[in-house]
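Asks: Sharing a structure below in structure tokens format, with a few things to ask.
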Number of protein chains: 2
Amino acid sequence: MDQKTLGILGGGQLGRMLVEAANRLNVKTVILEKGADCSAKQISNSTEHVDGSFTDPEKIQELAKKCNVLTIEIEHVNTETLADLKKLNPRLKIYPTPETIKIIQDKFSQKLHLTKNNIPVVESYPIENICPEELNDMGTKLNYPYMLKARTFAYDGRGNFVIKNKNSIDEAIKFFTENKQNVAKLYAEKWCPFKVELAVMVVRSLNNKVYSYSTVETIHKDNICHVVYAPARIPDSVQFEARLVAENAIKSFDGAGIFGVEMFYSQEGKIIINEIAPRPHNSGHYTIDACVTSQFEAHLRSVLDLPMPEGFTNFTTCDTNAIMINVLGDREVKDKELEYCERALATPNASVYLYGKESKPQRKLGHINIVSSSMHDCERKLHHIVENTSLDPHVTDTTLNKPLVGIIMGSDSDLPVMSAACDILKQFSVPFDVTIVSAHRTPHRMSKYAVEASKRGMKVIIAGAGGAAHLPGMVAAMTPLPVIGVPVKGSCLDGVDSLHSIVQMPRGVPVATVAINNSTNAALLAVRILGAYNDTYFQKMQAFLLKQEEEILQKAQKLEDEGYEQYLTEMKK
Amino acid sequence: MDQKTLGILGGGQLGRMLVEAANRLNVKTVILEKGADCSAKQISNSTEHVDGSFTDPEKIQELAKKCNVLTIEIEHVNTETLADLKKLNPRLKIYPTPETIKIIQDKFSQKLHLTKNNIPVVESYPIENICPEELNDMGTKLNYPYMLKARTFAYDGRGNFVIKNKNSIDEAIKFFTENKQNVAKLYAEKWCPFKVELAVMVVRSLNNKVYSYSTVETIHKDNICHVVYAPARIPDSVQFEARLVAENAIKSFDGAGIFGVEMFYSQEGKIIINEIAPRPHNSGHYTIDACVTSQFEAHLRSVLDLPMPEGFTNFTTCDTNAIMINVLGDREVKDKELEYCERALATPNASVYLYGKESKPQRKLGHINIVSSSMHDCERKLHHIVENTSLDPHVTDTTLNKPLVGIIMGSDSDLPVMSAACDILKQFSVPFDVTIVSAHRTPHRMSKYAVEASKRGMKVIIAGAGGAAHLPGMVAAMTPLPVIGVPVKGSCLDGVDSLHSIVQMPRGVPVATVAINNSTNAALLAVRILGAYNDTYFQKMQAFLLKQEEEILQKAQKLEDEGYEQYLTEMKK
């Protein structure tokens, strides 16, 4: 850990959080940004900071003289100057490399690069000359609506225009010429209807290894990132695919650094890259609280060539869930947004981060992280914080929830018995899925189900079966998860055949067996198992037991008050 | 959240971490400390910092003029000046109050105060006049060995002397006179043999509420805090008692702020306060990673009268465990301690914090936090980090581990069957306890056991019983935890009586029943339940299943190789 000085082009909140991470590791930072009191400079007493623009060649040179390593917190920098510096001084390290920044800062060349490397992106074409004819041709090629986007210097939706139909073409031309966008640099992009937007932070180290954080779900409003759910509320397999796509994309660049990869999970179920940022990213702010190593520290470690944690860790513990919400300047009343920061301070499990910036409408002034072992708990807290504000908390779509419990049965004839388990799990708001898996008739399907269950994030499996009931035991033999067996009563032997088939497992492979036909208890047992580590379910189970007790006490009172004869008469009615 | 400026007396690492927390909330801080580049000033670009000593009345006045609220990061400040300031300017808030600091900074008056408030402390007496006679009298009163301690300006063991026997008295007098300790201010303290040293961080808010963090275990070496285990590796009930004692102690003071309460868990099983620090404390550094709200942010919130999280949160998720280890300057080679910081960077789940201080032998230069869902995992990582260094990782005494699984049985006659469960849990390194609880003969003991199990940190209960086996079901009725039932075979009915008594529970109260006499499977099921949320146990279960498979495959190979006749002959041997 030799002492290096890190120069950062840009001094906004991303720079500030980089400086915070650097402070913790005794890494000296020097900031290039206009003004002496920008967000990043506020938290470093260095007298070396440079006052100027991160696009000004002279200022970049001045910064470079003070540092061993240069990095960026914004991609709209002067890459030519950086490339020249690198040539002139080979001992100066610049990460991400000027070449990588150059490719990425032009969104269309970014797309070309990804396409060349077989990474899925949205279909796009350059606009050579903005005029009604060309935009009309593009409409024929891409269909309406389509997107017209500035290739460079665009972020948070700035420089984007939706061409709804032929009639929007004139308006689009007016938008780009009046807003002084660089009209020579535009491209057209096919409209991509998506289920959710995803993002993955990927770190690239100098030995060409890439490490990805979890796949998160980003919710934008007016083109600004608004809420992030970590992990994304989509099946594990899709999360995994998104990480793979993101990792492959970042492998295709050189140099080191962290990259934010924004993706669409399309209506057709495909993962398609939307765009990449070669720096820490708003979608990764949750990592400060939910992960051991934050995106900012990961970036530092990669550009300074410090060790990365072996087998890169993600969440702090295996059941961490997080929601991040941006604190945007109120549209009407200055500093009004601090009201919900204050509410966040009063909310358990929430942390507030403010960036030392002056409040302006819709400006990113801070963010709030909520962390819990249950996403439902995070959501409840989010609701509490943003209640009665203009913020829309985007309630969970429970159909997207990944199942914690899997209910399987050998045959659909078991469903009338097993449905009671489903009812209980619904009642306790436990995400679950239910299907038919037969040990004797679909043995391979059964193997696949058992082997994949834990990878899908399941914690408990409930298996119902009748007769020579092999399903619970066979599944237990192929998963380390707890398996609960429900003996289903058949047409003869009163279910004792199923009971013994399920409960009398050999030493080594246990099945948690419940009473014959009592899938209610199987589900309640599953809730208890979840509750052993998840406080929300623990509390719910405690409440359930209390309610059961109260019901019996009421009946006892009634029996005592009315006498047994009257009570019996009423019961017989 | 109106803007307040916070003045901090002292600019060491505790001040630095307070400033970091303040930066996150846009709270302006001004530091009083000698030099322009002390640890705390490094991470704030304010031009208002005061250069001087936190004991200098003029400098304290200069600081006060710039602030709305004053606080401390070290208790050896000038409390008279603070008290005068408060009188002169009632709008200036000072927390902790000068009165509280004054009581605490004199360790003997601290003890008198606590004793007056019925808080258990070690027996102590003031030394009026250090001389052989008085120390000899004290030896008669307290027995040998006893401690001689400076009442003020002592920390990290400085100003402490152990009087082993009569012969040490002269040496003690020499120690205190030669070391220029204030000989007028000493006290004698009874020797307190302890099982472990504990500490609890307690926050006191302006509305007189106190909030405590978890009870942690501190391990000192040469009187300097070395390693912290959070939570402490002692039974939950003892942890709870320690929090209560600490909370009561802090209730007895006025004003706001965070307090570090150091305690002994004595050989006789008593909780006794050792000393209190009226500020953030080394034993609370783990909170930066393991808790949503760190000790530093909690201190800020209390002294600035910001909202505290309702129902104050402790650990990030319910299964968080942490170990903190201090980074002390190497005794021989400057900066050598950075070697194990680097090793920590390469270790998953570890975070490194350096304080921007120059390396000097045994100086506190930083700390490392390790966080995981399993304490065993934390310990493994600690070992990896400190391997082959002078640091001694203090391996877990597993007898102190709090049980995750409780094994109970109706009678000692069930033990031959139930002991197999114990063997399995030992094999998987699951902390458990085992006892006799009879539903029919000790019904009240059973209720107590069931109700307290979850509070003790248990995750699963295994209950074995025979005949009209009521124990598993009754326990399940009184706890929301998963209960596993083992039917124990009696002298008649082949165990079917026990099986049906256990498995045929009514709807509402499930018991996870395993095969007759198969407590092995009960324990394996318990490990699966733990493994659903604890990755260490999940991996171990997966390895166990693989090993089982391999054993059978070896047997299959042998049977194929040797033929069934030879194999059978060998089996019969």
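Asks: Against the condition within 30 Å of A:ARG233 (Cβ to Cβ), buried (at least 22 other Cβ atoms within 10 Å of the Cβ), at pLDDT below 95 and not acidic (Asp, Glu), how does A:VAL527 come out, does it pass?
Replies: No, not satisfied.
Asks: Here's a follow-up. So the check is Cβ under 9 Å with 6+ separation or different chains; which pairs have a first residue in segment B:539-557 that's under 17 Å from A:MET474 (Cβ atoms) and modelled with pLDDT of 90 or more and a second one that's hydrophobic (A, V, I, L, M, F, W, C) and not in a helix (DSSP H, G or I)?
Replies: B:MET541/A:LEU481; B:MET541/B:PHE428; B:LEU545/A:MET478; B:LEU545/A:VAL509
Asks: For A:LEU546, indicate whether it is open to solvent by 10 Å² or more (accessible area, probe 1.4 Å), within 39 Å of the chain's Cα centre (by Cα) and of a type in the set (A, V, I, L, M).
Replies: yes
Asks: Here's a follow-up. Output yes when any residue across segment B:454-462 is β-branched (Val, Ile, Thr), within 14 Å of chain A (Cβ to nearest Cβ) and out of contact with any Gly (no Cβ under 9 Å at 6 or more places or on another chain), and no when none is.
Replies: Within segment B:454-462, none of the residues are β-branched (Val, Ile, Thr), within 14 Å of chain A (Cβ to nearest Cβ) and out of contact with any Gly (no Cβ under 9 Å at 6 or more places or on another chain).
Asks: Keeping to segment A:90-106, report how many residues are hydrophobic (A, V, I, L, M, F, W, C), part of a loop (DSSP other than H, G, I, E, B) and within 33 Å of the chain's Cα centre (by Cα).
Replies: So the count comes out to 0.
Asks: Given the criterion outside any loop (DSSP other than H, G, I, E, B), hydrophobic (A, V, I, L, M, F, W, C) and more than 18 Å from B:HIS226 (Cβ to Cβ), identify the matching residue among B:VAL333, B:VAL352, B:VAL371.
Replies: Checking each option against the conditions leaves just B:VAL371.
Asks: From the list A:ASN68, A:ASN45, A:ASN78, A:ASN89, exactly one residue is on the phi < 0 side of the Ramachandran plot and without any contact (Cβ under 8 Å) to a residue 24 or more places away in the chain. Which is it?
Replies: When all the criteria are applied, what remains is A:ASN45.
Asks: Given the conditions (1) part of a loop (DSSP other than H, G, I, E, B); (2) at pLDDT 85 or above; (3) touching a Gly at 6+ places or on another chain (Cβ under 7 Å), which single one is not true for A:LYS402?
Replies: Unmet condition: (2).
Asks: Which condition breaks for B:ILE516 when tested against (1) open to solvent by 30 Å² or more (accessible area, probe 1.4 Å); (2) at the interface with chain A (Cβ under 9 Å from one of its Cβ atoms); (3) over 26 Å from A:GLN542 (Cα atoms); (4) out of contact with any Gly (no Cβ under 7 Å at 6 or more places or on another chain)?
Replies: Condition not satisfied by B:ILE516: (4).
Asks: Say whether the condition of being at pLDDT 95 or above and assigned to a strand (DSSP E or B) is met by at least one residue in segment A:107-123.
Replies: Yes - at least one qualifying residue is present in segment A:107-123.
Asks: Next up: What residue, of A:GLY7, A:GLY15, is at negative phi, in contact with a Leu (Cβ under 8 Å, 6 or more places away or on another chain) and of a type in the set (Gly, Ala, Ser)?
Replies: The unique qualifying residue is A:GLY7.
Asks: Need the failing condition index for A:ASP497 against (1) farther than 24 Å from A:VAL405 by Cα; (2) outside any helix (DSSP H, G or I), just the number.
Replies: The single condition A:ASP497 does not satisfy is (2).
Asks: While we're on this one: Any residue at all in segment B:341-351 that's aliphatic (A, V, I, L, M), in contact with a Cys (Cβ under 8 Å, 6 or more places away or on another chain) and modelled with pLDDT of 90 or more?
Replies: No, segment B:341-351 contains no residue that is aliphatic (A, V, I, L, M), in contact with a Cys (Cβ under 8 Å, 6 or more places away or on another chain) and modelled with pLDDT of 90 or more.
Asks: Also, quick follow-up: Please work out which one of (1) touching a residue at least 40 places away in the same chain (Cβ under 8 Å); (2) farther than 25 Å from B:ALA346 by Cβ is the condition A:GLY255 fails and give its number.
Replies: Exception for A:GLY255: condition (2).
Asks: Taking only pairs six or more apart or across chains, which ones have beta-carbon atoms under 6 Å, a first residue in segment A:336-349 that is more than 8 Å from every other protein chain (Cβ to nearest Cβ), and a second residue that is of a type in the set (Ser, Thr, Tyr)?
Replies: Partner pairs satisfying both residue conditions: A:TYR340/A:THR389.
Asks: Another question, then. Please work out which residue is nearest to B:GLU73 (Cα to Cα), limiting yourself to segment B:245-269 and to residues that are at pLDDT 95 or above and open to solvent by 60 Å² or more (accessible area, probe 1.4 Å).
Replies: In this case the residue turns out to be B:LYS251.
Asks: Hey, any hits in segment A:547-557 for a residue that's in contact with a Cys (Cβ under 9 Å, 6 or more places away or on another chain) and either within 26 Å of B:ALA463 (Cβ to Cβ) or within 14 Å of chain B (Cβ to nearest Cβ) (or both)?
Replies: Within segment A:547-557, not a single residue is in contact with a Cys (Cβ under 9 Å, 6 or more places away or on another chain) and either within 26 Å of B:ALA463 (Cβ to Cβ) or within 14 Å of chain B (Cβ to nearest Cβ) (or both).
Asks: Against the condition at pLDDT 95 or above, open to solvent by 10 Å² or more (accessible area, probe 1.4 Å) and within 14 Å of chain A (Cβ to nearest Cβ), how does B:GLU310 come out, does it pass?
Replies: no
Asks: Also: Out of the strands (runs of 3 or more DSSP E) lying entirely within segment B:1-89, which hold 1 or more residues that are within 11 Å of chain A (Cβ to nearest Cβ) and open to solvent by less than 30 Å² (accessible area, probe 1.4 Å)?
Replies: Where strands (runs of 3 or more DSSP E) fall fully within segment B:1-89 and carry at least 1 residues being within 11 Å of chain A (Cβ to nearest Cβ) and open to solvent by less than 30 Å² (accessible area, probe 1.4 Å), they are B:28-33.
Asks: Also: Yes or no: A:ARG301 over 15 Å from A:ALA199 (Cα atoms) and either more than 19 Å from the chain's Cα centre (by Cα) or open to solvent by 10 Å² or more (accessible area, probe 1.4 Å) (or both)?
Replies: yes
Asks: Restricting attention to segment A:92-104, does a residue exist that is touching a Pro at 6+ places or on another chain (Cβ under 8 Å), closer than 30 Å to A:LEU18 by Cα and aliphatic (A, V, I, L, M)?
Replies: There is at least one residue in segment A:92-104 that is touching a Pro at 6+ places or on another chain (Cβ under 8 Å), closer than 30 Å to A:LEU18 by Cα and aliphatic (A, V, I, L, M).
Asks: Would you pick out the residues in segment A:494-508 that are among the aliphatic types (A, V, I, L, M) and either surrounded by 24 or more Cβ atoms within 10 Å (Cβ to Cβ) or within 7 Å of chain B (Cβ to nearest Cβ) (or both)?
Replies: Scanning segment A:494-508 gives A:LEU499, A:ILE502, A:VAL503, A:MET505.
Asks: Any residue in segment B:530-537 that is outside any helix (DSSP H, G or I) and more than 30 Å from A:PHE428 (Cβ to Cβ)?
Replies: no
Asks: Would it be correct to say that B:ILE250 is closer than 26 Å to B:LYS190 by Cβ, among the β-branched types (Val, Ile, Thr) and assigned by the TED database to the domain that holds B:ASP377?
Replies: yes
The values are calculated or read from the model by the stated rules, or taken from the named source; none is laboratory data. Being a predicted model, the structure only gives us computed values, none of them experimental. FYI the Cβ positions are ideal-geometry reconstructions off the backbone, even for glycines, and counts take in every protein chain you see. Side chains included, ligands, DNA and RNA excluded: accessible areas come from the protein's heavy atoms. Shrake-Rupley method; radii C 1.70, N 1.55, O 1.52, S 1.80 Å.
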